[in-house]
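The values are calculated or read from the model by the stated rules, or taken from the named source; none is laboratory data. Nothing here was measured: the structure is a model prediction, and the numbers come from that model. Positions of Cβ are backbone-derived with ideal geometry, glycine not excepted, and every protein chain shown enters the neighbour counts. Note: accessible area is taken over every heavy atom of the protein model, side chains too, but ligands, DNA and RNA are not part of it. Shrake-Rupley method; radii C 1.70, N 1.55, O 1.52, S 1.80 Å.
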Amino acid sequence: MTRILLAGAALLALSVGASAQTVGFSQIGSESGWRAAETTLTRQQAEERGYTLQFSDAQQRQENQIAAIRSFVAQGVDAILLAPVVATGWDAVLQEAKEAEIPVVLLDRQVDSSDDLYLTAVGSDLVHEGKVAGEWLASEVGDNNCRVVELQGTTGSSPAIDRAKGFRDGIAGKANIEIVRSQTGDFTRTLGKSVMESFLQAESGGKDICALYAHNDDMAIGAIQAIKEAGLKPGQDIKIVSIDAVPDIFQAMAAGEANATVELTPNMAGPAFDALEAFWKDGTEPSKFIQTESKLYTQADDPSGEYERRKDLGY
Ligand code: GZL
């Protein structure tokens, strides 16, 4: 049945012609610099390919995303892009899109729904990102004891779940490294700063904290401000490793105030639109996961140059 529905959607799209495609994009919000860059690049990709993009900013609320998807279905768009704020609660609305024969492509986060409810998911290996961060810290501290605090991403989101797991995998077997505090900063600079302030207060003003692991650079940047206001030197007194590779983390690295980041490409729309075009053309069904690359950057990797290369990309 699924193949008949999808084939029908492909034929319908063929009759429309690729240049007239309308794509609905349910974006989480603008909680981080990385998210802003993803939105910028998605808009650019849609324009370059001649699509009409119906954009919805959910302000990080799932109910707004569900309403947006229902609106896209009612409009009869040719495809839906969804960056799902959390991993659960999508079955019903994805089933509605499927019954309307509208292909859905997930961007940068995963859902726990059955994969026959979406065409494909474009994203990084989130567990691997966390593991790279954990392994970097393990290599950095050697046999020295290290008490780590963790700023987690949005509660219930696949990056928060998987990056937490990956980091723990990365430090597995290292009895000298201990995660002593862990709390969500919701991927934002503001909460990253305020939660780090509470960690510092709870940990003797920070002198007992060896390192911060933040699930994204924006929370790390907020935490850096808190560490400085506490009279400590971020990047030296407290090592800092995070994920995204946004321009501002490279500025912090160049100033010696951050130590490592794992890159997450903001260009998820390119692979998503490529998969949709193949599907619209002749019903080609992509693999269910299209993985983007992750790369570790440290202070040894020309942070000033990396800042210059990224500063105008829409972060
Ligand atoms: C991860 C992505 C995360 C980014 C954050 O794939 O969903 O969401 O790491 C953003 O910056 O808030």
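Brief remarks follow.
- Once backbone amide H atoms are built at 1.01 Å from N, residue 54 has 23, 24, 25 as its partners under 5 Å, excluding neighbours fewer than 5 places away on the same chain.
- Between residue 298 and residue 92, the distance separating the two model label sites (each 7 Å from Cα on the Cα→Cβ line) works out to 5.0 nm.
- At full extension, residue 100 and residue 190 could sit 28.4 nm farther apart than now, given 0.36 nm per residue minus the alpha carbon distance.
- Spin-label pair residue 281/residue 75, simplified geometry with 7 Å Cα→Cβ offset, distance in nm: 2.6
- Residue pairs exceeding 21 angstrom between C-alpha atoms, taken from 131/174; 193/295; 131/233: 193/295; 131/233.
- Degrees, to the nearest 10: 189-202 long Cα axis against longest axis of the chain: 30
- Put simply, when 70-76, 23-29 are sorted by average Cβ atoms within 10 angstrom per residue, most first, you get 23-29, 70-76.
- For the chain, the longest principal axis of the C-alpha atoms and the axis of helix 269-282 are separated by about 20°.
- Net lengthening on full extension, residue 225/residue 203 (0.36 nm per residue, minus Cα-Cα): 6.2 nm
- Its relative contact order, with pairs defined as Cα atoms under 8 Å and 6+ residues apart, puts the chain at 19 percent.
- For the chain, the antiparallel share of DSSP beta bridges with both residues in that region comes to about 5%.
- Per residue, the solvent-accessible area of the chain (1.4 Å probe, heavy atoms of protein chains only, all protein chains present) comes to 40 Å².
- Computed from the alpha carbon atoms alone, the convex hull of the chain holds 116 Å³ per residue.
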